[in-house]
Structure formats: C-alpha cells, structure tokens
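Below is one structure, written out as structure tokens; the observations come after it.
The values are calculated or read from the model by the stated rules, or taken from the named source; none is laboratory data. Quick caveat: nothing in here was measured; it's all calculated off a predicted structure. We place every Cβ from the backbone using ideal geometry, glycine too, and count neighbours over all the protein chains shown.
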C-alpha cells in the first residue's frame, strides 16, 4: 500500500527516470572496472614483449663435460649457445691454474647460432674436481664475459 501511494505521488515517469539513473551508475562502475582491467592487461603484454625482445638480443654460452668412454687425461666438452641470439667472436680461457698440460683438440668455434652446440676434445691432466673457465662473446646486445666451471671427467 505504501509503495502504491509512493508510485502515485512520485509518478511513473519519475520512477522510470530514477531506475534509469541507478542502472546508468551501475553500468558506469562496471565500465570503469573493465577499463582498468584492460589497461592492466595491455601494460602486462607490453612488459612481456619488451622482455622477449631483450632476450632475443642475448646469447648465452655454456660449457659442460660429457661422460663418454675416452682415454686418460682426456674428456669431451660441449660448448652450447642456450640464448636466443647468434654469438660471435667466442673465446674461452681456462682459469684453473695447473702445472700440467691442458688444451682443446680443435679450435673453439668462433660463432654459434641459438641452441647450437659443438663437442670438442679437451686434454687435462690435473686431479681437480672442476675446471674454471672464462668465456667471451659478442651478440646483438654487445660484448659479454662470464666465468663458470665444468666438471672434470678425465680418468687418471
């Protein structure tokens, strides 16, 4: 009864106008929330694209020893580019100090494409568990120097 009295006093046009206003406010709130969400997604996509482009400019050179049956004081070393860019001007320096003979059988490759790897024979006659090295290379991002080590698999 009270509602009918309110409708008669307020009028049907005024009631529809008030309902339209309430629905408009709800739609505006939903629209603002949706726009904020879209903006966040676009910002996230742009950041991911920047990271992807930056990764595509970098090469990453790694050396690892491979367990293969070979003769004493000798092992097979794999050199691999695990980055997403071509590496050029590759140079490897052995840092482990030793009084014994050491060295690569073949020339170290000067260039490796992404995910490319090569196996190189390596002579080492020391008893150390690991062999420290430094590798230099160039890629689209510039020149890089990295120190690391690989395991000694030589049989003595």
Requested in this report: Name every residue in the stretch 93-118 that is assigned to a strand (DSSP E or B) and either modelled with pLDDT under 90 or exposed (fewer than 11 other Cβ atoms within 10 Å of the Cβ) (or both), in order of residue number.
Outcome: 93, 94, 102, 103, 104
Requested in this report: Those residues that are surrounded by 14 or more Cβ atoms within 10 Å (Cβ to Cβ) and more than 19 Å from residue 108 (Cβ to Cβ), I need them from the stretch 141-156; list them, please.
Outcome: 141
Report summary line: In the set 52, 80, the lone residue that is surrounded by 14 or more Cβ atoms within 10 Å (Cβ to Cβ), modelled with pLDDT of 80 or more and within 32 Å of the chain's Cα centre (by Cα) is 80
Report task. Could you identify the single residue in 75, 60 that is in contact (Cβ under 8 Å) with a residue 12 or more places away in the chain, closer than 28 Å to residue 126 by Cβ, surrounded by 10 or more Cβ atoms within 10 Å (Cβ to Cβ) and over 21 Å from the mean Cα position of the chain (by Cα)? Result -> 75
Report task. Count, please, the residues in the stretch 78-118 that happen to be under 13 Å from residue 59 (Cβ atoms) and either in contact (Cβ under 8 Å) with a residue 24 or more places away in the chain or in contact with a helix residue (DSSP H, G or I) (Cβ under 9 Å, 6 or more places away or on another chain) (or both). Result -> 20
**Report entry** All positions within the stretch 119-152 that are touching a residue at least 40 places away in the same chain (Cβ under 8 Å), outside any strand (DSSP E or B) and under 14 Å from residue 74 (Cβ atoms)
**Finding:** 125, 152
Query - residue 80 vs. criteria assigned to a loop (DSSP other than H, G, I, E, B), in contact with a strand residue (DSSP E or B) (Cβ under 8 Å, 6 or more places away or on another chain) and under 30 Å from residue 126 (Cα atoms) - result: no
Query raised in the report: Does residue 16 qualify as being touching a helix residue (DSSP H, G or I) at 6+ places or on another chain (Cβ under 9 Å), at pLDDT below 90 and farther than 30 Å from residue 144 by Cβ?
Result: no
